[in-house]
1. Kindly establish whether E324 is within 15 Å of the chain's Cα centre (by Cα), open to solvent by 40 Å² or more (accessible area, probe 1.4 Å) and closer than 26 Å to G105 by Cα.
2. For the range 33-45, which residues satisfy the criterion of being out of contact with any strand residue (DSSP E or B) (no Cβ under 7 Å at 6 or more places or on another chain) and either closer than 28 Å to R120 by Cβ or surrounded by 18 or more Cβ atoms within 10 Å (Cβ to Cβ) (or both)?
3. Of the residues S162, S124, only one is open to solvent by less than 40 Å² (accessible area, probe 1.4 Å) and not in a helix (DSSP H, G or I); which?
4. For residues that are open to solvent by 10 Å² or more (accessible area, probe 1.4 Å) and within 19 Å of the chain's Cα centre (by Cα), scanning just the range 220-238, find the one that is modelled with the lowest pLDDT.
5. Of the numbered conditions (1) open to solvent by 30 Å² or more (accessible area, probe 1.4 Å); (2) modelled with pLDDT of 95 or more, G53 satisfies every one except a single condition; which is it?
6. Taking the stated definitions as given, is L295 at pLDDT 95 or above, open to solvent by less than 70 Å² (accessible area, probe 1.4 Å) and touching an Asp or Glu at 6+ places or on another chain (Cβ under 8 Å)?
7. Of everything in the range 93-103, what is under 18 Å from A132 (Cα atoms) and either assigned to a strand (DSSP E or B) or open to solvent by 10 Å² or more (accessible area, probe 1.4 Å) (or both)? Give them in sequence order.
8. Just a yes or no: is a residue in the range 245-253 part of a loop (DSSP other than H, G, I, E, B) and open to solvent by 80 Å² or more (accessible area, probe 1.4 Å)?
Amino acid sequence: MRALVLREHGGMEKLALEEDFPDPVIGARDVLLRVRAASVNYHDVFTRRGMPGIRIPMPCIMGLDIAGEILAVGPDVDGWAVGDRVLVDPINRVEGGAMGETVHGGFAELCRVGNHQLIRIPGSVEYTTAAALPVAWGTAFRMMCTNGRVAAGEKVLILGASGGVGVCCVMLAKLAGAKVIACAGNAEKCERLKALGADHVVNYADRDFVSAVHELFGKPRRRSAEGGGVDVVVNYTGGDTWVRSLHCLRVGGRLLTCGATAGYAPPEDIRYIWTFELKIWGSNAWSRQDLLEVLELVRSGRLTVPIDRIYPLAEAREALRVIEGRQVFGKIVVIP
C-alpha cells in the first residue's frame, strides 16, 4: 500500500511517501479499513519531531483522525460488516496507545483498527467531515461542554481561535449562547472568525488581548460590584499567554486548558488565582461519549465543520507543513 512513513524523528525531510509499505494484517478482533479521509493535527508535528517520555515505534505512519470503509473483519468481530462507514476513536481504551503514534495511523491507503474503536458514521455525514472530528472537536467539546460547562450569557475569550480546536470552541460557545471574543494572528483569520459568529475579534499582531478585554468589559476588580473581565478564558497554548490570561478573568472566573502548544512550563503568578478565586480546569482528550455527542451535533446540522484544505496523500507532507506553520483556519484533511 501507499503510505506516508516516518522512519526517524526530525524535520519534514524525515517523512517519505512509500509505494509498497506492507499491508496491515488484522487480528481476531480487528477490522481492516480503506482509509477515505484522515485529518491533520498539530500533534502529528510533535510525533514527527519526537516527544520527551513517549517512545514511538519506527517505522511510524502518523494520522490520528481516521474515517473509512471496512474491507475485512476478524473472526471475533460482532456488529460490524464489510462496507460499513466508520469513524475511528484514535485512543485505544482497551489495549492502550493511539493511532498514528504507537500504532500505524491514517496517512495510508489501509489501516488496522480494533473493533472497539469504531463509531458508525451517519449516512448524511461525509468522510472528510467525520475525519475532522475526534482530536480537535472531541477535545474542544470535552473542554467547553463536558467539563467547562460554558453557558448562555457568559463572556468567553478564546486564544488561538483559528486552529482546529479553537474554531470548534468558538462554535460551541456560540451554540451555548455565550458572547465570544476570538483571538487570531492576522486580519484574514479575524474576518473568518467574525463570519463564524464571534462577537469580537482581537488580532494578536495589532493589539494586546488583555488590553482589548479590559476596554470591552472593564478591568477585573476584587471588590467591584460591577465585576469586569470575562467569565471564561480558553487557553491551550500556554507559553507567554498564560499569566496574561489570568488578568482577563473576573472574580470566580475559570480558565480552560487542554494543551500547551507554545510551552508547557510558563511563568506563573499564583496571586491572581487566590485573589480572584479563579478556577483552572484541565481537559485531557475526550471520551467516546464526547465523540458521539459531537457527531450527533454535526448530523443534526447544529454544527458545521470548517475544512480549510484537502490534500491527496501524495501531498501529505505539504499538509503537515501548513499545520506546522499555523497557516490554517479550521481543519486540514488528507485523502489517500
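1. Taking the combined requirement at face value, the residue satisfies it.
2. Y42, H43, D44
3. S162
4. T237
5. Tallying (1) open to solvent by 30 Å² or more (accessible area, probe 1.4 Å); (2) modelled with pLDDT of 95 or more, G53 fails exactly one: (2).
6. no
7. A98, M99, E101
8. No, the range 245-253 has no match at all.
The values are calculated or read from the model by the stated rules, or taken from the named source; none is laboratory data. In this text the structure is predicted, and so the values were computed from the model without any measurement. Backbone-built Cβ (ideal geometry, glycine too); neighbour counts: all protein chains shown. Remember, those area values only see protein heavy atoms, side chains included, never the ligands or the DNA or RNA. Shrake-Rupley method; radii C 1.70, N 1.55, O 1.52, S 1.80 Å.
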